[in-house]
Amino acid sequence: MKSKFNASNAVVAVVCAALVLLPVYSATTGNIFILTLMTRIIIFALAASSLNLIMGYGGMMSFGHAAYLGIGGYAVGILAAEGIGSGFIQWPVALGVSALFALVIGALSLRTRGVYFIMITLAFAQMAYYVASALSRYGGDDGLTIYKRSTFDGLINLSDRTQFYYLCLACLFGGVYLIWRIVNSRFGLVVQGVRSNEQRMQAIGFPAYRYRLTCFVIAGTICGLAGALLANNTDFVSPAVMYWTRSGDLMVMVILGGMGSLFGPLIGAIVYLVLEELLSQFTEYWALIMGPLLLLIVLFARGGIMGLLGRIRRG
Amino acid sequence: MADPLLRVDNLVRRFGGILATDNLSLEVPRGELHAIIGPNGAGKTTLISQLTGQLMPNSGTIHFAGRDVTGLPSYRRSRLGLARSFQITSLLKDFTALDNVALAAQAHDGHSFRFWGNARKERHLRDTARAALQRVGLGSRADVLVSELSHGEQRELELAVALATKPQLLLLDEPMAGLGVTESARMVELLKELRKEFTIVLVEHDMEAVFALADRITVLVYGRVIACDTPDAIRRHEEVKRAYLGEQHAVTRHG
């Protein structure tokens, strides 16, 4: 038997423990900034994890994943603007609309492969972007301010920084756990089999399309949840969250952390967003540093950071 | 059983101006090992692909187990008991041998919209898969990644995958392609075992193997059947000698 210990597991364990304990640190030192930053990172980690489900495990290179961030966000924002503040209504709507959107996009785009798939998912996301820009009733280009966060009466208060942080963290851990179960289930093996060799899977009796489409919808729904969280975090939602560069950010997080690795997107989101934060303090051209870094990872570490760490073993 | 297990009537498939399958008819009764031979480009793989549903014919019909399957997609035909092995090894390379076979078993064990339980811990799937691996002599290689198996082992794994789908009919597309002498001999022994249990359609270039195994042989040239008979009759068939066997001297050498 191989030893279960390797550097990547150790890093994940340390990171998760640190995430759980962070509010304690923040409270004792009075450092609110780090709690705010990490809340944002956790939300993006959830979105990236959902992208990893289709991209890493399913081999579906969706270039429009940020659309769900916006859809989840607008569901919360629009309902709030119309006077429906209850999270018990807002959030199921956010998830439902995201799922529906994924179903429609998936049903059309999954009939294509390769570059065409990438372009169609990109096109749909851009379409969502322009539709949101045209919603003049809800802020149009300028976006929509959310004056009151979703209410979950008697359960949790999202305006409390620490409670909101733990809610986001619970959503992330829950999402990753769900993805872990899915990946190892019958369904997950079929989806990964189709990534590996679709013709073979058809030949042994699997209708590949249905499985891919279902996986696509699950990923979109999880990302819709991230969108609802993000809107609450910023008290604001705008078309910009759906812009194609946002989808690119999510892809970069997944690739940086490690495609097809359970915790890769979390590590990728942390590294990417912390670097962005740090580098942008020095220069506004931070992307000039980020670019080559990403290039190095793609060229020399196919499995991303998790892949690199995985090679460091004890014994 | 009066009805043959597989019946192909007047199958036609064109690629541009080329007739890859030219009004082809074929019957394979249950229990037969039916070999299909023909020079390169005779349309053998095109025929197999139409039988499994990867390719649709322009006209003609395919009946399997008394049912018209001409319009069915490949996954539906697989469910009916039609299994194929690929000429160019086509496995899930980043999965283990056992995973490859277990997935085939899973495909024939109800739907796979099960999202929670760990599929690798489902005993009956794993047992079925191990049995199929054992059958082809890969029992000790179950946990090896496909990409790390030798070419010969991958050919055997192709068979194990087909077996795990509980087939009624095995369509084997050149199972001996690229195998060395000893590996080929092992494959022939294996096929001799399998033919006792399954109806087999075998496409193969190895003439020695074909004449040793087949009950009947169909000879294809330019997508047309020029002969369909027992091995002995095929050996004596004038047109076949001219069109195919003569140029390779395969039969005279081994016969």
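Being within 17 Å of the chain's Cα centre (by Cα) and part of a helix (DSSP H, G or I) is true for just one of B:Ser78, B:Ser90. Which residue is that?
Among B:Ser78, B:Ser90, only B:Ser78 is within 17 Å of the chain's Cα centre (by Cα) and part of a helix (DSSP H, G or I).
Which condition does B:Ala102 not pass, out of (1) in a helix (DSSP H, G or I); (2) open to solvent by 40 Å² or more (accessible area, probe 1.4 Å), if it passes all the others?
Status for B:Ala102: all satisfied but (2).
If a residue has to be part of a helix (DSSP H, G or I), of a type in the set (S, T, N, Q) and open to solvent by less than 30 Å² (accessible area, probe 1.4 Å) to count, how many in the range A:15-69 make the cut?
Going through the range A:15-69, the residues part of a helix (DSSP H, G or I) turn out to be A:15-29, A:32-57, A:66-69.
With of a type in the set (S, T, N, Q) added as a condition, the list becomes A:26, A:28-29, A:36, A:39, A:49-50, A:52.
Still in the list and also open to solvent by less than 30 Å² (accessible area, probe 1.4 Å): A:26, A:39, A:49-50, A:52.
Residues in the range A:15-69 being part of a helix (DSSP H, G or I), of a type in the set (S, T, N, Q) and open to solvent by less than 30 Å² (accessible area, probe 1.4 Å): 5 in total.
Taking the range B:110-143, which residues are open to solvent by 30 Å² or more (accessible area, probe 1.4 Å), outside any helix (DSSP H, G or I), in contact with an Asp or Glu (Cβ under 9 Å, 6 or more places away or on another chain) and not charged (D, E, K, R)?
B:Gly137
Taking only pairs six or more apart or across chains, which ones have beta-carbon atoms under 6 Å, a first residue in the range A:223-245 that is at pLDDT 95 or above, and a second residue that is of a type in the set (D, E, K, R) and open to solvent by less than 10 Å² (accessible area, probe 1.4 Å)?
none
Name the single residue that is nearest to B:Val8 (Cα to Cα) among those in the range B:124-150 being touching a residue at least 40 places away in the same chain (Cβ under 8 Å) and within 13 Å of chain A (Cβ to nearest Cβ).
Only one residue fits best here, namely B:Val146.
Confirm whether A:Ile222 is under 20 Å from A:Gly64 (Cα atoms), outside any loop (DSSP other than H, G, I, E, B) and touching a helix residue (DSSP H, G or I) at 6+ places or on another chain (Cβ under 8 Å). Write out each step before concluding.
Details: under 20 Å from A:Gly64 (Cα atoms): yes; outside any loop (DSSP other than H, G, I, E, B): yes; touching a helix residue (DSSP H, G or I) at 6+ places or on another chain (Cβ under 8 Å): yes.
Judged against the criteria, A:Ile222 is a match.
Scanning for something touching a strand residue (DSSP E or B) at 6+ places or on another chain (Cβ under 9 Å) and either modelled with pLDDT of 95 or more or among the acidic types (Asp, Glu) (or both), does the range A:167-178 turn up at least one residue?
Yes, the range A:167-178 contains a residue that is touching a strand residue (DSSP E or B) at 6+ places or on another chain (Cβ under 9 Å) and either modelled with pLDDT of 95 or more or among the acidic types (Asp, Glu) (or both).
Every residue in the range A:217-236 that is open to solvent by less than 10 Å² (accessible area, probe 1.4 Å) and within 14 Å of chain B (Cβ to nearest Cβ), please.
Applying the first criterion (open to solvent by less than 10 Å² (accessible area, probe 1.4 Å)) to the range A:217-236 yields A:219-220, A:223-224, A:226-229, A:231-232.
The one that is open to solvent by less than 10 Å² (accessible area, probe 1.4 Å) and within 14 Å of chain B (Cβ to nearest Cβ): A:Ala219.
Take the range A:200-222 and flag every residue that is of a type in the set (Lys, Arg) and modelled with pLDDT under 95.
A:Arg200, the sole residue that qualifies.
Go through the range B:136-178 and give me each residue that's farther than 13 Å from B:Ala104 by Cβ and of a type in the set (Lys, Arg).
B:Arg141, B:Arg155
Looking only at the range B:119-126, decide whether some residue is of a type in the set (Gly, Ala, Ser) and out of contact with any Gly (no Cβ under 8 Å at 6 or more places or on another chain).
From the range B:119-126, those of a type in the set (Gly, Ala, Ser) are B:119; that's our starting set.
If we keep only those that are out of contact with any Gly (no Cβ under 8 Å at 6 or more places or on another chain) too, we end up with none.
No.
Looking only at the range A:204-216, count how many residues are open to solvent by 10 Å² or more (accessible area, probe 1.4 Å), within 8 Å of chain B (Cβ to nearest Cβ) and among the aliphatic types (A, V, I, L, M).
Number satisfying all stated conditions: 0.
Restricting attention to the range B:5-19, which residues are open to solvent by less than 80 Å² (accessible area, probe 1.4 Å) and at pLDDT below 95?
Of everything in the range B:5-19, those that are open to solvent by less than 80 Å² (accessible area, probe 1.4 Å) and at pLDDT below 95 turn out to be B:Gly16, B:Leu19.
So A:Val76 clears everything in (1) within 24 Å of A:Cys171 (Cβ to Cβ); (2) assigned to a loop (DSSP other than H, G, I, E, B) except one condition, right? Which one?
Condition not satisfied by A:Val76: (2).
Out of (1) among the charged types (D, E, K, R); (2) over 15 Å from A:Gly85 (Cα atoms); (3) surrounded by 16 or more Cβ atoms within 10 Å (Cβ to Cβ), the odd one out for A:Arg149 is which?
With respect to (1) among the charged types (D, E, K, R); (2) over 15 Å from A:Gly85 (Cα atoms); (3) surrounded by 16 or more Cβ atoms within 10 Å (Cβ to Cβ), A:Arg149 is out only on (2).
Do the conditions hold for A:Arg181, that is, is it within 14 Å of chain B (Cβ to nearest Cβ), surrounded by fewer than 24 Cβ atoms within 10 Å (Cβ to Cβ), of a type in the set (Lys, Arg) and within 18 Å of A:Phe117 (Cα to Cα)? Don't jump to the end; show me each part of the working.
Numbers: within 14 Å of chain B (Cβ to nearest Cβ): yes; surrounded by fewer than 24 Cβ atoms within 10 Å (Cβ to Cβ): yes; of a type in the set (Lys, Arg): yes; within 18 Å of A:Phe117 (Cα to Cα): no.
Considered against the rule, which asks whether it is within 14 Å of chain B (Cβ to nearest Cβ), surrounded by fewer than 24 Cβ atoms within 10 Å (Cβ to Cβ), of a type in the set (Lys, Arg) and within 18 Å of A:Phe117 (Cα to Cα), A:Arg181 comes out as no.
Among the residues of the range B:81-122, how many are more than 15 Å from A:Ser196 (Cα to Cα), of a type in the set (A, V, I, L, M, F, W, C) and at the interface with chain A (Cβ under 7 Å from one of its Cβ atoms)?
Here the count works out to 5.
Hand me the list of helices (runs of 4 or more DSSP H) wholly inside the range B:151-251 holding 1 or more residues that are in contact (Cβ under 8 Å) with a residue 24 or more places away in the chain and of a type in the set (Phe, Trp, Tyr). Step through it out loud before you land on a result.
On the way: elements: B:151-164, B:181-194, B:207-213, B:231-236.
Correct list: B:207-213.
Among the residues that make up the range B:171-191, is at least one of them more than 11 Å from chain A (Cβ to nearest Cβ) and under 15 Å from A:Leu189 (Cα atoms)?
Scanning the range B:171-191 turns up no residue that is more than 11 Å from chain A (Cβ to nearest Cβ) and under 15 Å from A:Leu189 (Cα atoms).
Filter the range B:26-80 down to residues that are among the polar types (S, T, N, Q) and more than 14 Å from every other protein chain (Cβ to nearest Cβ) and give me whichever is farthest from B:Gly223 (Cα to Cα). First the steps, then the outcome.
From the range B:26-80, those among the polar types (S, T, N, Q) are B:40, B:45-46, B:49-50, B:52, B:54, B:58-59, B:61, B:70, B:74, B:78; that's our starting set.
From the residues that got through so far, the ones that are more than 14 Å from every other protein chain (Cβ to nearest Cβ) too are B:40, B:46, B:58-59, B:61, B:70.
On the way: B:Asn40: 11, B:Thr46: 9, B:Asn58: 13, B:Ser59: 14, B:Thr61: 16, B:Thr70: 18 Å.
Result: B:Thr70.
With the structure loaded, tell me whether B:Asp94 is within 19 Å of B:Ala160 (Cβ to Cβ) and either open to solvent by 10 Å² or more (accessible area, probe 1.4 Å) or in contact (Cβ under 8 Å) with a residue 24 or more places away in the chain (or both) or whether it fails that test.
Yes; evaluated as a whole, the condition is true for this residue.
Tally time: how many residues in the range A:203-219 are over 19 Å from the mean Cα position of the chain (by Cα), in a helix (DSSP H, G or I) and in contact (Cβ under 8 Å) with a residue 12 or more places away in the chain?
3
So is A:Tyr129 surrounded by 15 or more Cβ atoms within 10 Å (Cβ to Cβ) and touching a strand residue (DSSP E or B) at 6+ places or on another chain (Cβ under 8 Å) or not?
Criteria not met by A:Tyr129.
If the requirement is being out of contact with any Pro (no Cβ under 7 Å at 6 or more places or on another chain), open to solvent by 30 Å² or more (accessible area, probe 1.4 Å), within 14 Å of another protein chain (Cβ to nearest Cβ) and assigned to a helix (DSSP H, G or I), which of these qualifies: A:Arg200, A:Arg195?
On the way: A:Arg200 fails: open to solvent by 30 Å² or more (accessible area, probe 1.4 Å).
Only one candidate passes the filter, namely A:Arg195.
The values are calculated or read from the model by the stated rules, or taken from the named source; none is laboratory data. Keep in mind the model is a prediction, meaning the values are calculated, not measured. Cβ: placed from backbone, ideal geometry, glycine included. Neighbour counts: every protein chain shown. When the accessible area is computed, the model is the full protein with side chains, heavy atoms only, and any ligands, DNA or RNA have been set aside. Shrake-Rupley method; radii C 1.70, N 1.55, O 1.52, S 1.80 Å.
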